[in-house]
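Heads up: the structure comes next, in structure tokens.
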Amino acid sequence: SRLAENTFVHSSAGRGGGALFWMMKEPAVNGGIHMLCAIDSGNTAAFGSCYSSNAESIQFTRLFTRVQHLGLPITSGFEIDVVDHYGNTLVTENGGLISL
């Protein structure tokens with residue numbers, strides 16, 4: 001599908017994409033998807049205030065270290081971000097189970 005000559009303002013979403021949220025195939029947007037919303041559009045969402053997609057990848061963000069032994073750090077855990085196609089962080093996790 002293709003979007004043309006659309007502007008989204010003062011839209012909100014409880015999840016992602018204040019203006020546009022897609023799951024399987026990115027829609028074609030004349031001028032590029034960034035043309036859907038102006039910076040001052042007033043759109044809000046839990047992530048991706050203008051546009052977002054389903055989870056696409058997991059990015060490692062940091063290691064937690066507890067102590068050093070013989071000069072080497074002992075790692076106690078790590079943190080990851082689950083991100084969408086545009087790099088919006090859907091969830092940050094540092095312990096337990098996550099659902100995608």
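The values are calculated or read from the model by the stated rules, or taken from the named source; none is laboratory data. Predicted, not measured: the structure shown is a model, and the values here were computed from it. All Cβ positions, even for glycine, are placed from backbone atoms using ideal geometry, and neighbour counts span all protein chains on display. Ligands, DNA and RNA are stripped out before the accessible areas are found, and what is left, the full protein with its side chains, is counted by its heavy atoms. Shrake-Rupley method; radii C 1.70, N 1.55, O 1.52, S 1.80 Å.
Considering only the range 13-59, give the strands (runs of 3 or more DSSP E) lying wholly within it that have at least 1 residues that are polar (S, T, N, Q) and open to solvent by 30 Å² or more (accessible area, probe 1.4 Å).
44-47
Please state which of the following conditions HIS10 fails to meet, knowing it meets all the rest: (1) at pLDDT 75 or above; (2) assigned to a loop (DSSP other than H, G, I, E, B); (3) open to solvent by less than 70 Å² (accessible area, probe 1.4 Å).
Every condition holds for HIS10 apart from (3).
Just give me the residues in the range 7-55 being out of contact with any strand residue (DSSP E or B) (no Cβ under 8 Å at 6 or more places or on another chain) and of a type in the set (A, V, I, L, M, F, W, C), in sequence order.
Within the range 7-55, VAL9, MET24, ALA38, ILE39 meet the criteria.
Scan (1) on the phi < 0 side of the Ramachandran plot; (2) exposed (fewer than 15 other Cβ atoms within 10 Å of the Cβ) for the single condition GLY87 breaks and write down its number.
All conditions pass for GLY87, except number (1).
In the range 35-61, which residues are over 12 Å from PHE8 (Cβ atoms) and without any contact (Cβ under 8 Å) to a residue 12 or more places away in the chain?
ILE39, ASP40
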